[in-house]
Every structure is written in structure tokens, then in C-alpha cells.
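Report on one structure; see the data block that follows.
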Amino acid sequence: MTLTQQRKLKTILVGLASWTVALLLFFPIFWMFITSFKTELQAISVPPQLFFEPTFENFSLVQERSDYLKHAWNSVVTSFGATILALIIAIPAAYSMAFFPGKKTKDILLWMLSTKMLPAVGVLVPIYILSRDYGLLDSKLGLVIIFTLMNLPIIVWMLFSYFKDLPKEILEAARMDGATPWDEMIKVVLPLSVGGIASTGLLSIVLCWNEAFWSLNLTASEAAPLTAMIASYSSPEGLFWAKLSAASTLACAPIVIFGWFCQKQLVQGLTFGAVK
Amino acid sequence: MKSLTKTAIACAVSLAAFNAFAETQITIATVNNGHMIEMQKLSPEFEKQYPDIKLKWVTLEEGVLRQNVTQDIANGSGLYDVMTIGMYEAPIWGERGWLEPVDTSGDYDVEDILPSIRGGLSYNGTMYAAPFYGESSMVMYRKDLAEKAGVTIGDRDSWEHIRDAAAAMNDPENGVYGICLRGKAGWGDNMAFLSAMANSFGARWFDMDWKPQLTSDEWKNAVNFYVDLLNKYGPPGASGNSFNENLALFNEGKCGMWIDATIAASFVTDPKQSKVADKVGFAQSPYAVTEKGANWLWSWALGIPAATKNAEAAQTFVRWATSKEYIKLVADHNGWGAVPTGTRTSTYENPEFTKAAVFADAELKAINSANPNDSTLQPSPYVGVQFAAIPEFQAIGTTTGQMVSGALAGSLPVDKALESANRSADRQMRQAGYY
């Protein structure tokens, strides 16, 4: 086998492996999508049916029973609100740690990440009681605060990695021109990091959109986002797969479309720390 | 002066008008069961009848509902004004003063509610939740398969007879399994079924000193019989099946028999979701050494948390949703076959209902034969047929369920599973200060 042939074979094998992984990851979403067009009986049939007469009944039932727009609006407000708030806190934090590191900066970063290792349920009761006492139960503000705290460590870490890759010489040049640290951050670092900040923000939005644990525990009728709407379609006594799939499809649709448009930034955001 | 008086009168009138139209909004937490969703659909009728009360609905998955309402009620958050709770929670929460007693005065006709259901939702004679629908357990079987196999299935057959019938109907090559039973771990899943089965083998959860009895011969006999039966004549992967999985199997025509909640009868006879709708027969649950506690008793009920600020409006709603008039309203909209059952004697006395629901007689017989206050052969200190109404039971029942599910899957022997479960239960009861 010549070198060119070997290369070709390698390309084919890598392509095949990538397609297999991509299809494996995509399959559950595809199955959810087609199940949403089945009747409950078709949804449970063994062997599973791939060809059937599609019905829109599940979607109309979901529309009839749940206020989809209200849930979607709650998801939009909490995801974007929490992301903006988290970025406002994380940008100065990451900036100071990247450009003015102290002796304990690494420890602080590790400590921040360690908070993500605590299972959320471990702090459920204190957070529930605090939310009750501050009137934040079943409120969008309550969820925004929780989502912000939840994603802050990841956002700080991502921005920190991004800022660290910026050439220090540019900042030195700005300093020579008389820029203060504040000017450096606003006028030099931020314009250079728009891509990194955008991809960090996108990831945060996706994480907030998909969050279910706190949404289910801290909301009732007013602030419940789409994840709470999906959960309401699971039934202890009765078939529900088709209706649940329809609710999930409706809940996923906005973020999938959003992700589709922003996939370039997302991929960049997820890989920019990996090539050092 | 005149204009001042006029202004004052105008203000008073508009204030009175505002008060007259002041709305009370109540939030209702519920599970996604067919009857509950129907109640949500019919709620505009309630708002028409009581224009000063507006209803808000929160539908949750059963586990999440339990967790949320427990948090809400234990912390006095007052997020919900009406909550859907089960027969397990009602007496425990009633005893702690977490629930408002149900207002049964006037034309509510509390005497019409089935006595066993009323008893299960009460503490010290006071009803703390109003039953929305009730259920027991019974045998659902395929008449065609039984006939083909030459077996008969009747009320209160012995477990041996059921095993023989399962063996005769079992035809795995053609995708038909003799019997489908719950195997998924959970106090409300496999242990609901197995507790009732163990009762009929003469077992009990606790003796009169609250000591767990899971290592008794009665428990061992029951669980060994169950594991053997399901392994020989049950569907593959039975340790992962609960109500919905077995419902799917039965409706697909893959089970000869299924012993589960009576509410399933309306699903398996519904041609829209069952391939075997016209071939199903019903019989009372089997027994081994006693008929006591052989079939369970459960009710989904509406309770009013003591922390609510809208108790009066909540009472009005609960009385409406659990009244005879509501049952009639459902019948007017969807027919008598779709009404919530297992709550009121008058439903079963209605000839239109008995005509529409082929399972009515079997269901009433099953519910009436279950007595939560006397469900074990040997005396026991707890209330409940398939559970013990004490706060510790959820954890004890679920741990035992996990052990038994493991034994069913073949990962440990039955005796070992019961010993571990008993040790864990003993530790929890000791920690809780029972002895």
C-alpha cells in the first residue's frame, strides 16, 4: 500500500468513525422527533415502528394543556438574564486573574471549580428555605440568581483561559500610552475577546435552557420554564411517550435552531482551551 | 360640600364594586393522570359557577410532585392551595397538622364516599383529603388465551392456580408471557404489589413492637414464589417493569395475565390504546393462606395545606371536584365510561355507569374488600394495605424494593436480599426511636 493510499484509507476510517459517533448522538433526538408524530399505541409498539401515518394530535394536546409560550418566555428570560448577569461578574474576575495573578489565583480557580463537584441536591434545603424567606420561590429572578451561581465557575474558567491566550505585549503597549487597568479591560481586552465571550455566553445559555433540577424544585405556576413543562407529561398511570416526545420536541426546537445558527462560535468556545 | 359627598359616594361604590369582583386565585398541584387532566379541562365550568375564584394548575411528575409538595408543606411555603396527595400521605400529614380537614358539611354527602377509601384518608376520624379517584388491585387476563390453554381464572384463586394458569398460557416463542407483574424497585412500584401478595402469604411489615419482619418465613415464601413465577413465566427484563411498562406489554397482547391497579381496566379495554380491548376478563386478586390484604387500596386525593392563605376558596374547589355533581359533569362531557371511579357508592349504583364500565363490579368488590386498618393475618400496628403509613416507610419500602428487584434480576439470592432489607429497616426504625 502506497503512502497516498494509506492516507486515503485513514481519511475514510476517520470519516466513518465521525459519522458513526454523530449518528449515535443524533439518534435519540431523531427518535424523540418521530415519536412525537405517533399515537400512544404506536409509540410503545414492539418492534418499534419506523413507518407510520403521522399525526399532529400530540402537538395539539400539548398546546391545549400547557401554555407553551409562557414556559418558553420564562426559559428565554431566565437563560439570557442569568447569562448576562454571570458575564458581568465573570469578565472582571477572569480579567484580574489572567492579567494580575496573585499567589492564590490558581487555588481560587480550583476552589471555584470544586463547587461544581457538590451534588446540587446537597444544598436543596438551604436554598429552598432562603428562596422562601426572600420571596424568590416561583419567581424568574430567583431562577436567574441560581442559574448565575450555577454557571459562574465554568464561565470564569472559560474566560480565564481565553484572556490568558491574549498577547501581554498589547496590554503593555496600552499601558505605555497611559491606559488604566479599567481602560485596558474595556478598550483593549474586551474588543479582542468578543469571540470568546460570545461562545462562553452561548454555552451558558444552552446550560441554563436545559437545567431541570432547580427549575422543578423552585418553581410552580408562574416561573416554570420549558423543562418543567416537559416533566409534567410523565405519568405514573397511563401511556405518555408520544405526548412527552411532542412536549420535548417543542421545548428543544428553539435552542436547537439557536445552536444551529451559532454552531461556529459554540465549537470555537468548546475547543479554544484545547490547542495550547 | 355637595360635590364632596358625591365624590365620597362614588368612591364607596367603586370600592364595593372592586371588592365584589376581587378574585381569589388558587394554585393546584397535580399529577399527569388521565382523570386529573380531565379535571383541568373542565375547570372553566368551576370558574363559571364561582366567578370570584380563578384556578392555576401545576402538573408535575409523580416523584417531583411528592418532593415539591413535601417541601412546600414541611416549610410552610404556601406555594400551593390544593395539592394532589395519596392515601399514604393523608393520615401522616393530617396527624402533624399540615393539612386542613376537608369540609364535609352540607350537601357534600360524605356518607356516599366508599368507607374503606374514607378510612384510609382520615386520621382519628377526621378526613384530611377528599378522594378524587380510588383504586385497588385485581387480575386482568386474556379470556382468549385462557380458553386456548384450557384454564379458568376466577375470583380469589390460589397463587398456585395462578402459577399453573401462567404456565399454561406462557408461549414466549410467539411473544406471549404467562404473567406480567411489577418488578421495578420502589415503595410505590414493586413493593405495592409485593406487600399485598405478602399479606396473603400471612406476612406483615412490622410486629406490634415495630420490629421489621422481613426475614419471617411468610415473607420468604412470598418473595421466593414471586421471583420463581416471574422468572419462569414473566417477560424478559421484568425487574425494570412497573405499571406503564406492563400496561404497554398487556395492550400489545404480550401478557396472559396482569395483576395491577384497577384503574388499568379502563385502559386495557379502550380500543384506542389496546390491541386486546375486547378480550380482557377481570377477577379478584389471588391469595395464599389468607384473603386479608390480598389486594391493595389507594386513592389520589385533594388536600389543602394548612399554610394556604386561600383556605375558603380551596375548600370550595375541593368540594366541587370530588362531588357527585362533578362525576355527572364528566359523564355529560365524555360518557359514563370515563368518570373517575373508586370514590362514591352512588357512581356504582348508577345503571348507566355499570353499563358503560365492564369492570365496575370487579373494581367495587376489590375496593370494598380492602381494609387499611386490618390488612394482615397477624396483628400489626400500622394503617395501610400495601404500605405502612409512617414517615419512615418510603425509605424502608424503597430499599426493600431495590433488594427484591436485585433478587429478581438474579444478582443475589432471595433470603440474602430480605436479610439486607431487614437490617436496613431495623437501623432506620431504631434511629427514628421506635425502640
- Task: Answer yes or no: is there a residue in the stretch A:63-80 that is hydrophobic (A, V, I, L, M, F, W, C), in contact with a helix residue (DSSP H, G or I) (Cβ under 6 Å, 6 or more places away or on another chain) and outside any helix (DSSP H, G or I).
- Result: no
- Criterion: over 21 Å from the mean Cα position of the chain (by Cα), crowded, with 24+ Cβ neighbours inside 10 Å and farther than 30 Å from B:P172 by Cα - qualifying residue of B:L99, B:L79: B:L79
- Message: Of the residues B:R204, B:R182, only one is within 14 Å of another protein chain (Cβ to nearest Cβ), farther than 17 Å from A:S45 by Cα and among the basic types (K, R); which?
- Response: B:R182
- Task: Considering only the stretch B:127-166, state which residues are within 30 Å of B:I304 (Cα to Cα) and not in a strand (DSSP E or B).
- Result: B:Y128
- Which pairs have Cβ atoms under 8 Å, sit 6 or more apart or on different chains, and link a residue in the stretch A:62-76 that is within 13 Å of chain B (Cβ to nearest Cβ) and closer than 13 Å to A:S248 by Cβ to one that is modelled with pLDDT of 90 or more and surrounded by fewer than 17 Cβ atoms within 10 Å (Cβ to Cβ)? A:V62/A:Y68
- Query: How many residues are within 22 Å of the chain's Cα centre (by Cα), at pLDDT below 95 and farther than 20 Å from B:N32 by Cα when one looks only at the stretch B:298-322?
  - Reply: 1
- Task: Please work out if B:A388 is touching a helix residue (DSSP H, G or I) at 6+ places or on another chain (Cβ under 6 Å) and among the small types (G, A, S).
- Result: no
- Looking only at residues in the stretch B:163-192 that are out of contact with any Gly (no Cβ under 9 Å at 6 or more places or on another chain) and touching a residue at least 12 places away in the same chain (Cβ under 8 Å), which one is nearest to B:A389 (Cα to Cα)? B:R182
- Note on the structure: Sole miss for B:Y435 among (1) farther than 25 Å from B:L229 by Cα; (2) aromatic (F, W, Y); (3) under 20 Å from the mean Cα position of the chain (by Cα) is condition (3)
- Would you tally the residues in the stretch A:25-56 being in a helix (DSSP H, G or I) and at pLDDT 90 or above? 11
- Counting only residues that are exposed (fewer than 14 other Cβ atoms within 10 Å of the Cβ), out of contact with any Gly (no Cβ under 8 Å at 6 or more places or on another chain) and within 14 Å of chain B (Cβ to nearest Cβ), give me the helices (runs of 4 or more DSSP H) lying completely in the stretch A:121-206 with at least 3 of them. A:124-133
- Query: So which of B:Y123, B:Y141, B:Y177, B:Y133 is of a type in the set (F, W, Y), crowded, with 20+ Cβ neighbours inside 10 Å and at pLDDT below 95?
  - Reply: B:Y133
- Screening A:A242, A:A223 for residues that are within 14 Å of another protein chain (Cβ to nearest Cβ) and under 28 Å from A:L50 (Cβ atoms) leaves only A:A242
- Can you pull out the residues in the stretch B:367-400 that are among the β-branched types (V, I, T) and within 17 Å of B:G293 (Cα to Cα)? B:I367, B:T376, B:V383, B:V385
- Query: Going by the structure shown, is A:S215 within 11 Å of another protein chain (Cβ to nearest Cβ), of a type outside the set (K, R) and surrounded by fewer than 24 Cβ atoms within 10 Å (Cβ to Cβ)?
  - Reply: no
- Among the residues of the stretch B:383-406, is any within 15 Å of B:L214 (Cβ to Cβ), of a type in the set (D, E) and in contact (Cβ under 8 Å) with a residue 60 or more places away in the chain? no
- Item | Among the candidates A:V77, A:V46, residue that is closer than 30 Å to B:K275 by Cα and among the β-branched types (V, I, T) | A:V46
- Over the stretch A:27-36, the set of residues more than 14 Å from every other protein chain (Cβ to nearest Cβ) and either over 15 Å from A:S245 (Cα atoms) or among the β-branched types (V, I, T) (or both) is A:I29, A:I34
- Message: Within the stretch A:37-52, take every residue that is among the β-branched types (V, I, T) and in contact (Cβ under 8 Å) with a residue 12 or more places away in the chain and give me the one that is farthest from A:A242 (Cα to Cα).
- Response: A:I44
- Only one of B:G303, B:G337 is out of contact with any His (no Cβ under 9 Å at 6 or more places or on another chain) and over 18 Å from B:L42 (Cβ atoms), namely B:G303
- Any idea which of B:G63, B:G106, B:G134 is free of Cβ contacts under 8 Å to residues at least 40 places away in the same chain, closer than 25 Å to B:T262 by Cα and not charged (D, E, K, R)? B:G63
- Can you tell which of B:Y123, B:Y108, B:Y88 is within 20 Å of B:A395 (Cβ to Cβ) and not charged (D, E, K, R)? B:Y88
- Task: Go through the stretch B:212-311 and tell me which strands (runs of 3 or more DSSP E), entirely inside it, have 3 or more residues that are more than 14 Å from every other protein chain (Cβ to nearest Cβ) and of a type in the set (K, R).
- Result: none
- Task: Filter the stretch B:334-363 for residues that are surrounded by fewer than 19 Cβ atoms within 10 Å (Cβ to Cβ), more than 27 Å from B:D103 (Cα to Cα) and either touching a strand residue (DSSP E or B) at 6+ places or on another chain (Cβ under 9 Å) or not aliphatic (A, V, I, L, M) (or both) and give the result.
- Result: B:N334, B:G335, B:G337, B:P351, B:E352, B:T354, B:K355, B:V358, B:D361
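The values are calculated or read from the model by the stated rules, or taken from the named source; none is laboratory data. Keep in mind that what you see is a predicted model, and the values were worked out from it rather than measured. Positions of Cβ are backbone-derived with ideal geometry, glycine not excepted, and every protein chain shown enters the neighbour counts.
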